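The values are calculated or read from the model by the stated rules, or taken from the named source; none is laboratory data. Since the model is a prediction, treat every value here as computed from it, not as a measurement. We place every Cβ from the backbone using ideal geometry, glycine too, and count neighbours over all the protein chains shown. Only protein heavy atoms, including side chains, enter the accessible area calculation; ligands, DNA and RNA are left aside. Shrake-Rupley method; radii C 1.70, N 1.55, O 1.52, S 1.80 Å.
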Amino acid sequence: MTGVEDWDVVVVGAGPAGSTAALGALTADPSLRVLLLDRADFPRDKSCGDGIAPHVLDVLAEVGAGDVVDDWTPLWELELAHGPARVGGRMRRPVHVVPREVFDARLVERAVAAGAELRRHRVSTLVPDAAGVLVDGTYRAGVVVGADGDRSMVRELLLGSRREPRALAIRGYAPVTPELAGRQVIRYGDRRQPSYAWAFDRGDGLANVGYGELLPGMQKGRAPSRRLLLDQLERLIPGVAAAGDRWRGHHLPLSGWRWDQPDGPLLLVGDAAGLVNPMTGEGIYYAVATGISAGRRAAAAVRSGRPHGAGASHRHAVRRLLGTHLKHTWTASRLARSPRLVDAGIRAAARDRTTFDTLVELGLGDGRITPRLASGLLASLTTSRSRPT
Ligand SMILES: Cc1cc2nc3c(=O)[nH]c(=O)nc-3n(C[C@H](O)[C@H](O)[C@H](O)COP(=O)(O)OP(=O)(O)OC[C@H]3O[C@@H](n4cnc5c(N)ncnc54)[C@H](O)[C@@H]3O)c2cc1C
């Protein structure tokens, strides 16, 4: 075919999942031809809490990018509250709060420095054939990585329009007040759980602030309006909605009990793969972990001349990496739909530092529901039942 460019790997979307897929492929084999396509120019903003869990940096270190936020202030303190139930404390490892405008652009720079070619291009058609995939009739790729976010066209092509549970959240930036300084503050609301307001100190005088909640399923009610989201934020963390600006809303495709990836040369990563923690709304760790893994699998499949084997290999790798954890977070998110269980979890974490650490691991990384967390929950529930009202 004339005018068609040949690439080993084409990555659709250059958010954290896409840039790390490029990095994963090029670290595995620097001689690969990797094309990174995004409909936006970088730097670009993305609605997010900007919370970079330490697990993100662990995985980035595997592709030489563990230092990407070294010049931002680490944040050690976490407060979790639901009404009067409250726990605060120092996490075992810090998070970083880095605007996505900065974080994503830095990862793209790393991918380009590793040899990826970045182009601004909105992908609209993908046609798999015996040799791989034809992208918009213009690029031929052995393997395509779909990293095109929560409204992924790659996902739609592979899995149809089936939709996982989704949340909706709004984010802004507000000046840090003494009450919010040096902390990650999370305050649960009383609407569809998970529903919570947050304020994360960036360390530069501004806090990332926002509020999100679970969306009603199809035909089960209306999505909350922007006004309602901001009112909830103001109610839970007074002052920040009035002081904030740069508001931006976005959907979060929450992960379920079982994660799927079809066979073939099209791979899904990050939000496009429906991977956002259903307890906390964290998705960057999953995005970089699945991005790097997909890049490596794509590289191996191209090198062995069997691009169609990439899908199965990516599926097995992600299930090994996250399969059990996803079942545990799904279970935890179901339990957290009950406000009593949210309170019980907070009280168990307030009594026991190990339980606090376990909740942090479950919410930010790849932790599990441990027997100690389960018995702490039970103990909290029993105490609250026996307490006079
Ligand atoms: C309000 C809010 C708060 C959040 N807070 C946190 C948090 O604090 N910590 C955390 O870990 N996670 C958080 N998340 C989740 C996190 O933002 C996502 O999980 C993360 O952005 C996923 O990265 P990604 O690379 O998969 O997708 P994205 O970052 O969405 O990147 C997708 C890219 O694909 C491009 N694209 C889309 N369609 C096409 C196309 N057809 N052709 C070419 N390019 C295309 C887009 O321009 C975009 O650059 C939050 C989400 C929201 C909405």
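Here is how the numbers come out for the structure above:
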read-out	value
Search result, residues across the range 37-83 that are among the hydroxyl-bearing types (Ser, Thr, Tyr) and over 15 Å from the mean Cα position of the chain (by Cα)	73
Check on residue 329, in a helix (DSSP H, G or I), within 22 Å of residue 54 (Cα to Cα) and free of Cβ contacts under 8 Å to residues at least 60 places away in the same chain	no
Residue in the range 257-266 that is assigned to a helix (DSSP H, G or I), more than 8 Å from the ligand (Cβ to nearest atom) and surrounded by fewer than 24 Cβ atoms within 10 Å (Cβ to Cβ) present	no
Exclusive hit being open to solvent by 40 Å² or more (accessible area, probe 1.4 Å) and at negative phi, set 199, 181, 167	181
Which listed residue is farther than 19 Å from residue 333 by Cα and open to solvent by 10 Å² or more (accessible area, probe 1.4 Å), from 190, 231	231
Residues of the range 282-321 that turn out to be outside any helix (DSSP H, G or I) and over 19 Å from residue 65 (Cα atoms), as a count	4
Close pairs (9 angstrom Cβ cut-off, 6 or more residues apart or separate chains): farther than 24 Å from residue 31 by Cβ and among the charged types (D, E, K, R) in the range 111-135, within 16 Å of the ligand (Cβ to nearest atom) and part of a strand (DSSP E or B) anywhere	120/37; 120/38; 122/37; 122/38
Breaking point among (1) in a helix (DSSP H, G or I); (2) open to solvent by less than 40 Å² (accessible area, probe 1.4 Å); (3) of a type outside the set (Val, Ile, Thr), for residue 277	(1)
Residues located in the range 5-36, provided they are away from the ligand (no atom under 15 Å from the Cβ) and either open to solvent by 30 Å² or more (accessible area, probe 1.4 Å) or under 20 Å from the mean Cα position of the chain (by Cα) (or both)	5, 6, 27, 28, 30, 31, 33
Filter result for the condition that a residue is farther than 22 Å from residue 156 by Cβ, without any contact (Cβ under 8 Å) to a residue 60 or more places away in the chain and either more than 15 Å from the ligand (Cβ to nearest atom) or out of contact with any strand residue (DSSP E or B) (no Cβ under 7 Å at 6 or more places or on another chain) (or both), over 337, 303, 351, 315	351
Of residues in the range 295-307 being crowded, with 17+ Cβ neighbours inside 10 Å and not hydrophobic (A, V, I, L, M, F, W, C), the one farthest from residue 216 (Cα to Cα)	307
Residue that is open to solvent by 20 Å² or more (accessible area, probe 1.4 Å), among the charged types (D, E, K, R) and at pLDDT below 95, where the choices are 340, 372, 368, 315	340
